[in-house]
Amino acid sequence: MIKVLLAFLVGGGICVIGQIMMDVFKLTPAHTTSTLVVVGAILGGIGLYEPLIKFAGAGASVPISSFGNSLVKGALVEAQRDGLIGVLTGIFDLTSSGITAAIVFGFLAALIFKPRG
Amino acid sequence: MKKGSQSWVFNNNPVIISSAAVGGPFEAKGALAEDFDLLHDDIWLEQDSFEKAEKVLLEEACDIAIKKCKLKKENINFFLSGDLMNQIITSSFAARAMSVPFLGVFGACSSSMEGLALASLIVDSNSADYVIAAAATHNASVEKQFRYPTEYGGQKPPTAQWTVTGAGAALVASKGEGPKVTAATIGKVIDMGLTDPFNMGAAMAPAAVHTIETHFKDLNRDPSYYDLIATGDLGSIGHSIASDLLSQHGFNMTSNIFKDCGLLIYKKDQPVFAGASGCACSATVTYGHFLNRMRKGELRKILIVATGALLSPMSYQQKESIPCIAHAVSIEM
């Protein structure tokens, strides 16, 4: 139960930051999303994002900042194994399932549905 | 004839012998549904894109206006039209089908009155007998062009406005019965440095105020000359800014004569944020609702001040501010 509460607070907190970026600092939705990805990547790079996921579970792994963390994590793992070239091959390693799912399901939805506005 | 710094007075009485307003399903549920000649229950209008649907709206408005006064397309000398698509394709493509000599106009949402002012000038100078002035917008095509496609799911702040799906057309003639276009004031581009495309009303308000004040000065009139003065699509925020600015400058604009088309077209419970917008907003409300009221004798003298935000998606991305304009046309019965 306490895990659910922590997930709600941390995940909700990340969303509040995103909302403030849009409403107060007038960032576009695209800029807001990208900024959260970059912040997640930086936190992942200096080893702070994994502890956050351990602490808050889905509260940290579901928001888009987790995508940045996964990009860096994949790059670091392959960099250790293959050297510098691993940064290039590994960057989309962990995230490829998410990206492919977005493309495939987006395509399927576009086949079936017609926009209403 | 030019009068004052930026106004025209039309001494030969160009007359709006017929007009038409066409709308979509959201307008059908609105407050002025009865004043539309044709309302569609589907935003696609049986087309395969929203842009094509917008073109159909414009063609229908022109067809209805021509049929109402029992004329044919061949009788029309010139067709003036504007819209909000890139390169005003809605107007150009409608003109392709109409096969009438065409002048495209762009003043963003002020295109409606820019077209009517120019059409009246052409008729007044004996350069034509029948000229159509028209404008169209489609909610979905404009959202895609200027903001985000609806399916993207971007949030909208309360200052945002709702683009009208519709088209309005007025047939201006040298002779005939109907409301007469008596004067027009062409606006200057005013830029107060606002940059938020989700708050166009506030950006456009100073342009509306400038044009209204210049209109009164050029023609030596005051607000009491008119039964109704309506801005195009300032919405709740822009319209209250304009009211405040005008009263600060000594013009007493009472709320029963100073209206905004963007606040009239929909019902209070429709979720349109700060109000309606788009070329079709002032075009449908003027060519439908207001002209109907004039023909019924409820209004005698009206001033329509269509406002336009002259930004492009590119200028916004390059962090330019939003230049705005307003054109005023005086119509009298």
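The values are calculated or read from the model by the stated rules, or taken from the named source; none is laboratory data. Note that the structure is a prediction, hence the values are computed from the model and not measured. Counting neighbours? That spans all protein chains shown, and the Cβs are built from the backbone with ideal geometry, glycine included.
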If we scan segment B:49-72, do we find a residue that is closer than 19 Å to B:Thr163 by Cα, within 14 Å of chain A (Cβ to nearest Cβ) and assigned to a loop (DSSP other than H, G, I, E, B)?
yes
Residue check: is A:Glu78 away from chain B (no Cβ under 14 Å) and within 27 Å of A:Val4 (Cβ to Cβ)?
no
Does A:Thr100 satisfy being within 14 Å of chain B (Cβ to nearest Cβ), polar (S, T, N, Q) and within 26 Å of B:Tyr148 (Cα to Cα)?
no
Could you check segment A:1-60 for helices (runs of 4 or more DSSP H) lying wholly inside it with 1 or more residues that are out of contact with any Gly (no Cβ under 8 Å at 6 or more places or on another chain) and in contact (Cβ under 8 Å) with a residue 40 or more places away in the chain?
A:2-23, A:49-56
Tell me, which helices (runs of 4 or more DSSP H) wholly within segment B:261-333 include 1 or more residues that are surrounded by fewer than 24 Cβ atoms within 10 Å (Cβ to Cβ) and not assigned by TED's automatic domain parsing to the domain that holds B:Phe26?
B:261-264, B:291-295, B:313-317
Looking only at residues in segment B:132-157 that are in contact (Cβ under 8 Å) with a residue 60 or more places away in the chain and in a strand (DSSP E or B), which one is nearest to the other protein chains (Cβ to nearest Cβ)?
B:Thr137
Among (1) touching a residue at least 24 places away in the same chain (Cβ under 8 Å); (2) farther than 22 Å from B:Ile186 by Cα, B:Lys67 falls short only on (1)
Among the residues of segment B:91-142, write down those that are touching a His at 6+ places or on another chain (Cβ under 8 Å) and not charged (D, E, K, R).
B:Gly107, B:Ser110, B:Met113, B:Ala117
Does segment B:3-21 include one or more residues that are away from chain A (no Cβ under 14 Å), touching a strand residue (DSSP E or B) at 6+ places or on another chain (Cβ under 8 Å) and within 25 Å of A:Gly117 (Cβ to Cβ)?
yes
Taking A:Asp93 and the conditions (1) of a type outside the set (A, V, I, L, M, F, W, C); (2) within 14 Å of chain B (Cβ to nearest Cβ); (3) surrounded by 15 or more Cβ atoms within 10 Å (Cβ to Cβ); (4) in a loop (DSSP other than H, G, I, E, B), which numbered condition does it fall short on, given that it satisfies the others?
(2)
In this structure, is B:Leu57 within 18 Å of B:Gly288 (Cβ to Cβ) and either touching a helix residue (DSSP H, G or I) at 6+ places or on another chain (Cβ under 6 Å) or among the aliphatic types (A, V, I, L, M) (or both)?
yes
With the requirement that a residue be part of a helix (DSSP H, G or I) and either hydroxyl-bearing (Ser, Thr, Tyr) or in contact (Cβ under 8 Å) with a residue 40 or more places away in the chain (or both), what does segment B:79-93 give you?
B:Asn86, B:Thr90, B:Ser91, B:Ser92
Per the filter on segment A:16-42, residues surrounded by 14 or more Cβ atoms within 10 Å (Cβ to Cβ), within 14 Å of chain B (Cβ to nearest Cβ) and closer than 22 Å to A:Leu71 by Cα are A:Gly18, A:Pro29, A:Thr32, A:Thr33
Any idea which of B:Glu114, B:Glu151, B:Glu143 is farther than 30 Å from B:Glu74 by Cβ and either touching a helix residue (DSSP H, G or I) at 6+ places or on another chain (Cβ under 8 Å) or modelled with pLDDT of 95 or more (or both)?
B:Glu143
